[in-house]
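Single-structure report; data block below.
Taken together, the values in this text are just the output of simple stated rules run on the coordinates, not laboratory data. What you see is a predicted model, and the numbers here were worked out from it, not measured in a lab. Virtual Cβ from ideal backbone geometry, glycine too; neighbours counted across all protein chains shown.
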Amino acid sequence: MLSLHVWGSYSQSDKNGSDISIISPECVASSWLLVDRLGDQEDVKYEIVTSSNTNLSDIGKLPVLITAESKFHGFNEISGYLFQNFQSSSASRTVATAELTHKQQLINSGLLAHLQHKIEYINQYNLYINTKNYEKYTRKLFQHYLPFPMMYNQPLKFYNHAQTQIQVLGLNKNKTGFFDFSGNIQDDVAETELVNEGEDDEDEKDEVALSALHERQLLAKSKEKSMLRESKNSLKCLQLLDGYLTFFLKLSDQSTANGGEYGYLFSGKGASSSEVLLFAYIYCLTHQDLPDRFIYNLLRIKRAKFLEFADGHSQKWNDQLLESDVLRAPTGEETPGLWNEIKYRSGFVKY
Amino acid sequence: MVAVPEPIKRVFDTFPLTTYSPIQSTTPGNELSIEQNKYYFEGERSDASFCLGVHNVIKLDSNDKKSRFIPSDPVSLGSSLILCYKNNLKLPTTDSKELQHSSGNSMLKLSFHAAPDRQLPIFLVDDEKSNRTVKTASAIKDAFVNQDVNKNEDFNVEQLILSNWIDTKLFDLWILCLLNEEIQHIDKLFNLDSELMKDPVPSYLLIRNLYHEIPNWQAFNTRNPNLFNHDPSEYAKNAIASTTIATKHLSSYYDLQLKELENDLPLWIEFLKTDVLKNSKAENILLFKLVGFVSSTKLQNS
């Protein structure tokens, strides 16, 4: 029995209510690969558990694939295991790493690193730092994933991680000085700075009547400022993403079989492991439930063929996931509840 | 003109006003010690000069009586080789201190505290007008390899991807290796003061200070918060028992990355054998970066 543990939620009554979370594209990619490789293998039993419990993993990060003998962590190791041990079926849209030439394998592993070290933080920006997406979507997700009272702390923790991680790419929510190497996050612009900018000093004579109005004006002004700053960051983020995707587009251009359109990078037969992960990232970045789909809009206008190609794959794999009905909710010690956390911390339960 | 009253004049005469010559910011001893830590590259002299700040240097003996100096850690070694290649220089040797050989460009042994982001190597450039610019480790990386795939003329897409693979994967592995392995000559690797290392208390403090900083290099702990999100008691236990701070998550992640390397290294060897003999600029830089990591690991073992 293979069980893949991912971030996600499961509901028994409503089939469409079950979902593998977009907060972890690696989880999405691993699940896709699992159904793609094992979809029509009769003799292998497998399941996807939406446990959302990071304690299950030895490196503190999902996804983790648990077999009878051992554990496999992260997309790289899981894809390696799946490609090595299971032959592709006729319906499969992936190509095993071993089928590629040596140089292609090397590029493939370079692309995986590129995705995990660069595009990962674009995803973090999109989910957590973009205020609209975070407040209206991402933060609310966790109540479906974690039981009471665990869902209060987790989004905040991830938010803090994201806030420092996006600085790796040079995206920063707050202004920092040129010489600020320390990366300290200042909370907000000082109130006085905004007050001094108001030029109409005469109005301040009538304190009672106008201070409320003035206050409102100041609030509006500071809101406008933070919105400006955020849109500046979003533009920078789009520019970075476009630069990162250029790598894939250029590689696709070099591959002769594609004839000018975006296609598989290495082999006409299917997607390599790096491409599966790329499609997962694109799926997460352009997910339809996000309130602010600025990345989707850019890709639709600028890289329409690429987006279509990626969407086609994620659509197919998602349908396959839904059909195969392999999702299940966590049970017993797999549940990320408070009681299990205490047992884990005190050493009563080992995963 | 008004005459100065006698009592006041007497007071001022007691304390005569003298101008002293300015005090120099460096002393001869200070300059001497900087000079002692400098290792000059061999090559032609020019007005502009640079200085690469590294942890420590290792003396390599060779057949022709001259010993060469190379930096002790992989990233600095790679950087120094690329610098030599780009500027037509040769590695420092035992007689490059003599004027006719030295190029004015040098390697300087530094503490990592000297860098603004507490990460070596740093790159100090003095131009013709002796204006100094300081480049941090990440800026050096960008200066060597232009990350913009559309504007980079030396590197094609594949080479750029491979170069980034070295920068991210191998660098991470180096940090993981430092955190996980018990390293025999850590004082030589990072040039910790040998006098202080004799005493257990300061040596303990020095090493703790170093291990505290290593996870910050290349934002490693920011990028992998899950590895450092461990049980505090486990951390403390490890810190007292040994010099490494590896916890369960860290060591599992290290194993994972080693397995990946095991898979990728034969591919690299094949790639180097078949593709890199064309001798383009990009391929040479790739090679130097890789060589930095591979030969440093070899030196640590011997």
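Between B:Thr94 and B:Asn30, what is the FRET efficiency for a Förster distance of 25 Å, r being their Cβ-Cβ separation, to the nearest 0.05?
0.55
Report the longest stretch of chain A that contains none of the GluC sites (Glu not before Pro) sitting in a DSSP loop with at most 13 other Cβ atoms within 10 Å.
A:70-198
Mind jotting down the distance between the C-alpha centroids of segment B:17-43 and segment A:322-344, whole Å?
Each part reduced to its Cα centre gives a spacing of 66 Å.
Taking the Cβ of B:Asn180 as the centre, find all other residues whose Cβ is under 13 Å away and add up their charges (Lys, Arg: +1; Asp, Glu: -1).
Combined, the nearby Lys, Arg, Asp and Glu give -3.
With θ set to phi - 60° and the Karplus curve 6.51 cos²θ - 1.76 cosθ + 1.60, what are the ³J(HN,Hα) couplings of segment A:274-285 in order, to the nearest whole Hz, using x for Gly and Pro?
Computed from phi, the couplings for segment A:274-285 are 5, 6, 4, 5, 4, 5, 5, 5, 5, 4, 6, 5 Hz.
Taking the protein assembly as shown, how much of its Cα-Cα pair set, in percent, is spaced more than 41 angstrom apart?
The share of Cα pairs beyond 41 Å in the protein assembly as shown comes to 38 percent.
With a 10 Å cut-off between alpha carbons and a GNM built on chain B, which of B:Trp165, B:Trp217, B:Trp174 moves the most?
The residue with the greatest mean-square fluctuation here is B:Trp165.
How many lysine pairs are close in segment A:59-165, with Cα atoms under 20 Å apart and the two 8 or more places apart or on different chains?
Final tally of qualifying lysine pairs is 7.
Please work out the C-alpha center-to-center distance from segment B:91-164 to segment A:52-84 and express it in whole Å.
First find each Cα centre; the distance between them is then 39 Å.
Per residue of chain B, what 222 nm ellipticity follows from adding -39500 (n - 2.57) for every DSSP H run with n ≥ 4, rounded to the nearest 500?
Using -39500 (n - 2.57) per qualifying helix, the result is -14500 deg cm²/dmol.
Under a crude label model (7 Å from the Cα following the beta-carbon direction), how far is A:Arg328 from B:Leu261 in nanometres?
3.9 nm
Among B:Pro22, B:Pro225, B:Pro200, which one shows the biggest mean-square fluctuation in a GNM of chain B, springs joining Cα atoms closer than 10 Å?
Per the Cα network of chain B with a 10 Å cutoff, B:Pro22 tops the list.
Counting helices only, and only those DSSP H runs with n ≥ 4, report the 222 nm mean residue ellipticity of chain A as the sum of -39,500 (n - 2.57) divided by its residues, in deg cm²/dmol to the nearest 500.
-15500 deg cm²/dmol
Using only alpha carbon pairs under 8 Å that are at least six residues apart, calculate the relative contact order of segment A:1-137 and give it in whole percent.
The normalised contact order for segment A:1-137 reaches 23 percent.
Any chance you could run the full-extension gain for A:Ser90 through A:Met1? It's 0.36 nm times the residue separation minus the Cα-Cα distance, nm to one decimal.
The span from A:Ser90 to A:Met1 would gain 29.8 nm if fully extended.
Tell me the net charge near A:Leu241. Cut-off is 11 Å between Cβ atoms, A:Leu241 excluded, with +1 for each Lys or Arg and -1 for each Asp or Glu.
+3
Given contacts defined as C-alpha pairs under 8 Å and at least six residues apart, what's the relative contact order of chain A, whole-number percent?
Answer for chain A is 26 percent.
Using θ = phi - 60° and the Karplus relation 6.51 cos²θ - 1.76 cosθ + 1.60, list the HN-Hα couplings for segment B:195-207 in order, rounded to whole Hz, with x at every Gly or Pro.
Taking θ as phi minus 60°, the curve returns 5, 5, 5, 5, 8, x, 5, x, 5, 4, 5, 4, 5 Hz for segment B:195-207.
Would you mind checking which residues have amide H under 5 Å from A:Val95's amide H? H placed 1.01 Å from N; only 5 or more apart, or other chain.
Under 5 Å from the amide H of A:Val95 lie the amide H atoms of A:Ala271, A:Ser272, each far enough along the sequence or on another chain.
In Å³ and rounded to a whole number, note down the convex hull volume per residue for the Cα atoms of segment B:82-197.
Hull volume over Cα atoms, normalised by residue count, gives 172 Å³.
Expressed as a fraction of 2.2 N^0.38 Å, the rule-of-thumb size for a compact globular protein of N residues, what is the C-alpha radius of gyration of chain A?
1.14
Give the peptides B:84-91, B:119-126 in descending order of average Cβ contacts within 10 Å, highest first.
Top of the packing list down: B:119-126, B:84-91.
Would you mind giving the average projected area, over all directions, of the Cα convex hull of chain B in nm² with one decimal?
26.8 nm²
Pick out which of A:Leu213, A:Leu298, A:Leu62 has the largest mean-square fluctuation in a Gaussian network model of chain A, springs linking Cα atoms closer than 10 Å.
So, out of A:Leu213, A:Leu298, A:Leu62, the one fluctuating most is A:Leu213.
Mind listing the phi-derived Karplus ³J(HN,Hα) values for segment A:211-216, rounded to whole Hz, using 6.51, -1.76 and 1.60 with θ = phi - 60°, and x for any glycine or proline?
5, 5, 4, 4, 4, 5
Count the lysine pairs in segment B:37-133 whose Cα atoms sit under 13 Å apart, keeping only pairs 8 or more residues apart in sequence or on different chains.
Counting lysine pairs in segment B:37-133 gives 4.
Could you tell me which of rounded, prolate or oblate describes segment A:5-63, using a ≥ b ≥ c as the square roots of the eigenvalues of the alpha-carbon gyration tensor, with rounded for a/c under 1.5 and, failing that, prolate when a/b is larger than b/c and oblate otherwise?
The shape class here is oblate.
Measure off 7 Å from each Cα along the Cα-to-Cβ vector at A:Trp339 and B:Asp154, then give the distance between these two points in nanometres to one decimal.
Computed distance between label sites A:Trp339 and B:Asp154 equals 6.2 nm.
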